[in-house]
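A.B. asks: Below are the structure tokens for one structure; questions will follow.
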Amino acid sequence: MDGTFDAMDTRGRVGRPAAGDSTETRRRILQAARVRFAKDGYRATTNQRIADDVGITPGAIYHYVESKAELYAAVYCETIDIVYTDFERVAGGERDLLTQFSAVLRRACELQTADPSITGFIVAVAQETQRHPDLLALLAPQRGRHMRFFSGLVHDAAERGELRADVDQRALADLLGAVLTGLARMSAAAGDPQRYTAAVEVFERFIDGSLITVRS
């Protein structure tokens, strides 16, 4: 067990869950942990705080994970899977790369508005893994999902004949991923989801040519 987690608390709260409650309790633990990791950071987060948020004993968390590192990895893998599965869904409903990317940006806005901890957690991962490199191996099941997603969008666009032959597909995938990530970082730093939404609307106008007045 991770030494930064606190000792077991026995102040009358729920301990080991019944089998039927296990899935729901795990969901609540991961959600509470994501909020704490996003707000307090990896080092400052303890199972005592997470348990208080969920309404269980700190020791009950060990029914689901053996350490804080494993908890962080579980939150990461679940969050990335939720986000990029959602992105795949909305992109799949569009016919070309530009409308797919716009749909992804709009969906990212909706996710940020509904639960800011999703963006806050994801944008902090790079710094946390630099500070705690032991986390990297635990994140392996979902690492690279971001780049695979955008590389797939670009590859499919090229297969449909949407891109010019001289386009560097990797560079385009990097650009699309950087726009999404940059907007997410800006929104998380500002603490204002509306800035995310406004920036996406301006970006869409930039792409469709309605943003700039062309002078003769």
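The values are calculated or read from the model by the stated rules, or taken from the named source; none is laboratory data. Here the structure is a predicted model, which is why all the values come from computation and not from measurement. Here Cβ is always computed from backbone atoms with ideal geometry, including for glycine, and neighbour counts include all displayed protein chains.
A.B. asks: So for the stretch 73-85 (the condition being over 23 Å from residue 133 (Cα atoms), crowded, with 19+ Cβ neighbours inside 10 Å and among the hydrophobic types (A, V, I, L, M, F, W, C)), does at least one residue qualify? Spell out how you get there, then give the answer.
C.D. replies: First, the residues of the stretch 73-85 that are over 23 Å from residue 133 (Cα atoms): 82-85.
From what's left, crowded, with 19+ Cβ neighbours inside 10 Å: 83.
Checking the rest, the ones that are also among the hydrophobic types (A, V, I, L, M, F, W, C) come to 83.
Scanning the stretch 73-85, I find at least one residue that is over 23 Å from residue 133 (Cα atoms), crowded, with 19+ Cβ neighbours inside 10 Å and among the hydrophobic types (A, V, I, L, M, F, W, C), so the answer is yes.
Rundown of residues vs (1) under 28 Å from residue 64 (Cβ atoms); (2) without any contact (Cβ under 8 Å) to a residue 40 or more places away in the chain, yes/no style:
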{"residue": "74", "(1), (2)": "yes, no"}
{"residue": "91", "(1), (2)": "no, no"}
{"residue": "125", "(1), (2)": "yes, no"}
{"residue": "158", "(1), (2)": "no, yes"}
{"residue": "176", "(1), (2)": "no, no"}
{"residue": "181", "(1), (2)": "no, no"}
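A.B. asks: Quick one: count up the residues across the stretch 168-200 that are charged (D, E, K, R) and farther than 24 Å from residue 152 by Cα.
C.D. replies: Looking only at the stretch 168-200, we keep the residues that are charged (D, E, K, R), and these are 168, 170, 174, 185, 192, 195.
Filter again for farther than 24 Å from residue 152 by Cα, leaving 192, 195.
Matching residues across the stretch 168-200 total 2.
A.B. asks: Can you confirm whether the stretch 164-178 contains a residue that is touching a helix residue (DSSP H, G or I) at 6+ places or on another chain (Cβ under 6 Å), over 20 Å from residue 81 (Cα atoms) and among the polar types (S, T, N, Q)? Outline the logic, then answer.
C.D. replies: So the first thing to find is which residues in the stretch 164-178 are touching a helix residue (DSSP H, G or I) at 6+ places or on another chain (Cβ under 6 Å), and the list is 169, 172-173, 176-177.
From what's left, over 20 Å from residue 81 (Cα atoms): 169, 172.
Narrowing the set further to residues that are among the polar types (S, T, N, Q) leaves 169.
Checked against the condition, which is being touching a helix residue (DSSP H, G or I) at 6+ places or on another chain (Cβ under 6 Å), over 20 Å from residue 81 (Cα atoms) and among the polar types (S, T, N, Q), the stretch 164-178 yields at least one hit.
A.B. asks: Still on this structure: Which is of a type outside the set (Val, Ile, Thr), within 28 Å of residue 162 (Cβ to Cβ) and part of a helix (DSSP H, G or I), of 72, 84? Even if it seems obvious, please write down each step before you answer.
C.D. replies: Numbers: 72 fails: within 28 Å of residue 162 (Cβ to Cβ).
Checking each option against the conditions leaves just 84.
A.B. asks: Within the stretch 9-19, is there a residue that is modelled with pLDDT under 95, out of contact with any strand residue (DSSP E or B) (no Cβ under 8 Å at 6 or more places or on another chain) and not in a loop (DSSP other than H, G, I, E, B)?
C.D. replies: The answer is yes; a qualifying residue exists.
A.B. asks: When both residues are 6+ apart or on different chains and their Cβ atoms are under 7 Å apart, which pairs have a first residue that lies in the stretch 52-64 and is assigned by TED's automatic domain parsing to the domain that holds residue 32, and a second that is of a type in the set (Asp, Glu)?
C.D. replies: The qualifying pairs are 57/9; 58/6; 58/9; 59/9.
A.B. asks: Please go through (1) under 21 Å from residue 187 (Cα atoms); (2) under 12 Å from the mean Cα position of the chain (by Cα) for residue 101 and return the number of the only condition it doesn't satisfy.
C.D. replies: Among (1) under 21 Å from residue 187 (Cα atoms); (2) under 12 Å from the mean Cα position of the chain (by Cα), the lone unmet condition for residue 101 is (2).
A.B. asks: Could I ask something else about it? Out of (1) part of a loop (DSSP other than H, G, I, E, B); (2) at pLDDT below 95; (3) of a type outside the set (A, V, I, L, M), the odd one out for residue 59 is which?
C.D. replies: All conditions pass for residue 59, except number (1).
A.B. asks: Can you pull out the residues in the stretch 31-59 that are more than 17 Å from residue 127 (Cα to Cα), under 17 Å from the mean Cα position of the chain (by Cα) and either surrounded by fewer than 21 Cβ atoms within 10 Å (Cβ to Cβ) or aromatic (Phe, Trp, Tyr) (or both)?
C.D. replies: So the first thing to find is which residues in the stretch 31-59 are more than 17 Å from residue 127 (Cα to Cα), and the list is 31-33, 46-59.
Adding the requirement that they be under 17 Å from the mean Cα position of the chain (by Cα) leaves 31-33.
Correct list: 31 only.
A.B. asks: Considering the stretch 112-138 alone, what residues qualify as being in contact with a helix residue (DSSP H, G or I) (Cβ under 6 Å, 6 or more places away or on another chain) and surrounded by fewer than 20 Cβ atoms within 10 Å (Cβ to Cβ)?
C.D. replies: First, pick out the residues of the stretch 112-138 that are in contact with a helix residue (DSSP H, G or I) (Cβ under 6 Å, 6 or more places away or on another chain): 112-113, 117-121, 123, 129, 135-136, 138.
Matches in the stretch 112-138: 113, 123, 129, 135, 136, 138.
A.B. asks: Run residue 91 past the list (1) surrounded by fewer than 13 Cβ atoms within 10 Å (Cβ to Cβ); (2) small (Gly, Ala, Ser); (3) closer than 18 Å to residue 203 by Cα and report the number of the one that doesn't hold.
C.D. replies: Looking at each condition in turn, residue 91 falls short on (1).
A.B. asks: Could you grab me the full set of residues in the stretch 170-208 that are more than 17 Å from residue 107 (Cβ to Cβ) and in contact with a Leu (Cβ under 7 Å, 6 or more places away or on another chain)?
C.D. replies: Answer for the stretch 170-208, where residues must be more than 17 Å from residue 107 (Cβ to Cβ) and in contact with a Leu (Cβ under 7 Å, 6 or more places away or on another chain): 202, 205.
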